[in-house]
Amino acid sequence: MCGIVAYVGPKEAYPIIIEGLKRLEYRGYDSAGVSIINGGMHTFKCKGKVLDLEKIIEQDKVHGTLGMGHTRWATHGAPNDINAHPHLSGDSNLAIIHNGIIENYSTLRTALEKLGHTFVSETDTEVLIHLIEEIRNTEDLPLEEATRRALTKVVGAYAIVVLDKNDPNKIVGAKNSSPLVFGLGEKEFFLASDASPIVKFTDKVIYLEDEEIITIHRDGDYEIRTIENEVADPEIKQIDLNIEELEKGGYEHFMLKEIYQQPLTIAESMRGRLSADEGWAKLGGMEQHLNRFKQAKRIVLTACGTSWHAAMIAEYLFEDLARIPTEVEYASEFRYRNPIISPDDVIIALSQSGETADTLAAINLAKSKGAFIYGIVNNVGSTIARTTDSGSYIHCGPEIGVASTKAFTSQLTVLTLMAIILGYEKGKISEGYYRQLLSELESVPSLVAKILTKADQIKYIASEIRNTSNALYLGRGYNFPVALEGALKLKEISYIHAEGYPAAEMKHGPIALIDMYMPVVVIATNKSAHEKIVSNIQEVKARKGIVVAVVTEGDHIIKGMADFTIEIPYIEEPLSPLLSVVPLQLLSYYIAVMRGCHVDQPRNLAKSVTVE
Ligand code: M6R
């Protein structure tokens with residue numbers, strides 16, 4: 001969602017804040033703004049990206065060593081200059097930046113209007129700064145206490161930073177549901193939505209907990225209190241992140257870098273977790289709770305977006321290899337549909353960011369019903385990682401492109417490992433098959449590297465179909481969720497309408513869409529359903545559809561039927577999504593680039609969806 005960064009220290013704040021905003025822009029890029037305190041509150045903000053903001057800055061007004069910046073993903077109010085953050089109090093003494101949603105803002109706004117406050121924007125955030133102002137002025141309170149009291153009246157999610165132009169040595173921050181990290185450098189201090197703007201300056205951080213308020217003084221004194229006004233005792237953590245991981249490293253886009261990183265990131269997801277030669281596999285977080293998993297009556301996986309597609313593949317894996325009844329739930333539905341959950345259930349929550357609001361709410365709901373929650377998360381120290389009972393990090397490094405790629409294959413790597421371990425431990429797969437699966441899993445990084453050498457061929461196919469307005473993606477079994485993922489990738493970065501379907505379902509409706517202009521991408525690698533997929537392709541060809549088939553190397557039958565084929569190496573079917581998704585990622589990427597789309601920051605999207 002929105003990105004937040006604030007700085008106080010001996011250096012010029014503005015360049016640090018702008019650089020930080022560029023790192024946080026993956027969270028939202030509808031508008032951007034900064035406030036710098038220097039003999040007054042100097043605020044600049046505008047619709048658009050951080051680059052647009054830089055163009056309107058008056059350089060002589062942004063000198064100063066304390067300030068804050070914001071990059072917005074719009075919730076309340078259109079993305080325009082007025083709704084951009086920071087927002088000011090009525091007397092213009094206070095400024096606020098905010099990530100989240102104040103749910104009762106309308107009631108608060110009406111009450112404040114009755115007290116004489118007037119508002120210039122349509123945002124919930126402006127209401128909050130007026131509320132802080134009202135409490136502060138009426139009761140003559142320090143900023144942090146006025147903020148605390150204001151937050152006791154607020155319902156919703158927030159990470160905020162508040163500044164007072166008359167107190168140029170203090171930053172106040174607070175969080176509930178939305179993330180906020182405090183960075184402790186050498187005589188300089190930071191608040192940010194995540195560690196990416198901080199990592200260049202320090203590796204010491206404190207992750208604020210929900211309903212905590214921090215006051216940071218220029219001299220390095222800081223205090224964290226709860227909303228009940230109790231002093232908190234936070235733990236300083238060391239972050240393990242280096243600046244190169246946050247750069248494009250010579251690639252044109254983060255998405256392309258992340259696609260190409262996959263041989264490495266998949267290997268990282270397995271590192272220290274298996275040895276096919278020695279015949280063992282383990283996941284630390286799972287080992288401690290192995291009996292819970294083995295005795296689980298049911299596994300329920302919950303997630304959103306691409307993580308939900310990984311969860312769908314896990315349903316096939318857990319049922320096929322471990323014979324455990326498994327269900328997959330959109331977190332946004334699960335949280336509101338009064339699901340039946342028992343303490344015998346194991347809930348697995350998947351999230352790259354570890355901050356997705358719906359997934360977090362689903363976890364909290366399942367927790368309240370006594371279920372055991374296992375997290376599969378990328379972002380170390382994130383809220384979901386801290387909320388679950390146990391879990392496994394996927395260790396693929398920061399994913400910055402809004403379209404998820406390497407996180408998906410790393411989630412699959414961990415899920416596949418879990419299913420293999422459970423299948424073996426429960427005696428559902430033989431020792432021989434167990435070793436074979438482990439050995440094939442170990443070979444995935446080199447097979448993905450081989451697929452990546454086909455980039456030029458995939459680029460050519462992209463050039464042939466790039467002008468389409470619609471596309472269908474078909475797959476069966478393990479590769480049906482891959483079809484969904486391929487379609488999502490195309491939609492989100494190229495704005496082409498695409499739908500994924502189980503190949504056999506096509507004849508129950510979508511076949512009506514097929515004509516000579518319709519590209520149909522078929523994931524046709526399944527050995528078990530090869531003949532059936534051949535029939536599905538024939539059905540498309542009979543209606544003159546354009547078939548792009550992802551096939552196993554040496555599959556001359558489908559090669560002879562399809563308009564375009566992309567060959568990928570053979571692998572056992574449960575592992576095949578790890579390979580078959582890679583050409584689909586590249587296909588979407590090239591189509592989007594050829595259509596002139598902003599691949600890393602597609603319109604209307606944000607990397608981490610911390611609101612409902
Ligand atoms: O961080 P999460 O994995 O919880 O995010 C879930 C979705 O928001 C995310 O996968 C989204 O669908 C991506 N844009 C897909 O590329």
message: Taking a cut-off of 34 Å, what percent of all Cα-Cα pairs in the range 3-245 are separated by more than that?
response: 7
statement: Note on the range 163-279: C-alpha Rg/Rh, Kirkwood Rh, two decimals, gives 1.12
- prompt: Near LYS454, which lysines are there with a Cα under 21 Å away, not counting those fewer than 8 places off in the same chain?
  reply: LYS257, LYS406, LYS489, LYS559
task: Using a 1.4 angstrom probe on heavy atoms only, work out the carbon and sulfur share of the accessible area of the range 370-468 in %.
output: 46
statement: In debye to the nearest 20, the charge dipole size for the chain, taken about the Cα centre with +1 at each Lys and Arg Cβ and -1 at each Asp and Glu Cβ, equals 1460
Stretchable slack from THR138 to SER443, in nm (0.36 nm times residue separation minus alpha-carbon distance): 103.1 nm
- line: When the charge dipole of the chain is computed with +1 on Lys and Arg Cβ and -1 on Asp and Glu Cβ about the Cα centre, the Cα farthest towards its positive end, among ILE429, MET255, VAL328, belongs to ILE429
message: Within the chain, which whole H helices from DSSP have a Cα span along their axis of at least 20 Å and a mean Kyte-Doolittle hydropathy of 0.5 or more, if any?
response: 406-425, 480-494, 577-594
- prompt: Using Cα pairs under 8 angstrom and six or more residues apart, how large is the relative contact order of the chain, in percent?
  reply: 12
query: Taking the alpha-carbon set of the range 240-399, what are its Rg and Dmax in Å?
result: 16.4, 50
query: When DSSP assigns beta bridges and you keep just the ones with both residues in the range 230-385, what percent turn out antiparallel, to the nearest 5?
result: 10
message: Given the DSSP H assignment, sum -39500 (n - 2.57) over each helix run of at least 4 residues in the chain and divide by its residue total; what's the result at 222 nm in deg cm²/dmol, nearest 500?
response: -11000 deg cm²/dmol
- line: The local net charge around ASP389, scoring Lys/Arg +1 and Asp/Glu -1 for residues other than ASP389 whose Cβ lies under 15 Å from its Cβ, equals +1
- prompt: Semi-axes, largest first, in whole Å: what does sqrt of 5 times each Cα gyration tensor eigenvalue give for the range 454-601?
  reply: 21, 17, 14
Share of alpha-carbon pairs per 10 Å distance bin for the chain, given as whole %: 3, 17, 25, 24, 17, 10, 4, 0, 0
- prompt: For the range 74-201, what is the accessible area per residue in Å² when the probe is 1.4 Å?
  reply: 35
- prompt: LYS544: which aspartates and glutamates have alpha carbons under 12 Å from its alpha carbon, excluding same-chain residues fewer than 8 sequence positions away?
  reply: ASP515, ASP563
message: As an exercise, take the mean of 1/r over every pair of distinct alpha carbons in the range 34-153, invert it, and state the Kirkwood radius in angstroms.
response: 14.9
task: Can you give me the three principal axis dimensions of the range 369-470 from its C-alpha atoms, in Å, biggest first?
output: 51, 39, 26
message: Suppose accessible area is computed on protein heavy atoms with a 1.4 Å probe; arrange TRP280, TRP73, TRP308 from highest to lowest.
response: TRP280, TRP73, TRP308
- line: So, over other residues within a Cβ distance under 14 Å of TYR251, counting Lys, Arg +1 and Asp, Glu -1, the net charge is -4
- prompt: Can you give me the pair-distance distribution of the range 521-612, C-alpha pairs, 10 Å bins, whole percents?
  reply: 15, 38, 27, 18, 3
field: Antiparallel DSSP beta bridges within the chain, as percent of all bridges there, nearest 5
entry: 60
- prompt: Loop-only check: which chymotrypsin sites (Phe, Trp or Tyr not before Pro) in the range 101-184 are DSSP coil with at most 16 other Cβ within 10 angstrom?
  reply: PHE119
- prompt: When we measure straight from the Cα of LYS607, which aspartates and glutamates land under 12 angstrom away, once same-chain ones fewer than 8 places off are left out?
  reply: GLU25, GLU355, GLU399, GLU492
statement: Cβ-Cβ cut-off under 13 Å around LYS544, Lys and Arg +1, Asp and Glu -1: the net charge is -1
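The values are calculated or read from the model by the stated rules, or taken from the named source; none is laboratory data. All values reported here derive from a predicted model rather than from experimental measurement. All Cβ positions, glycine included, derive from the backbone under ideal geometry; neighbour counts span all protein chains shown. What goes into the accessible areas is simple: the full protein's heavy atoms, side chains included, and nothing from ligands, DNA or RNA. Shrake-Rupley method; radii C 1.70, N 1.55, O 1.52, S 1.80 Å.
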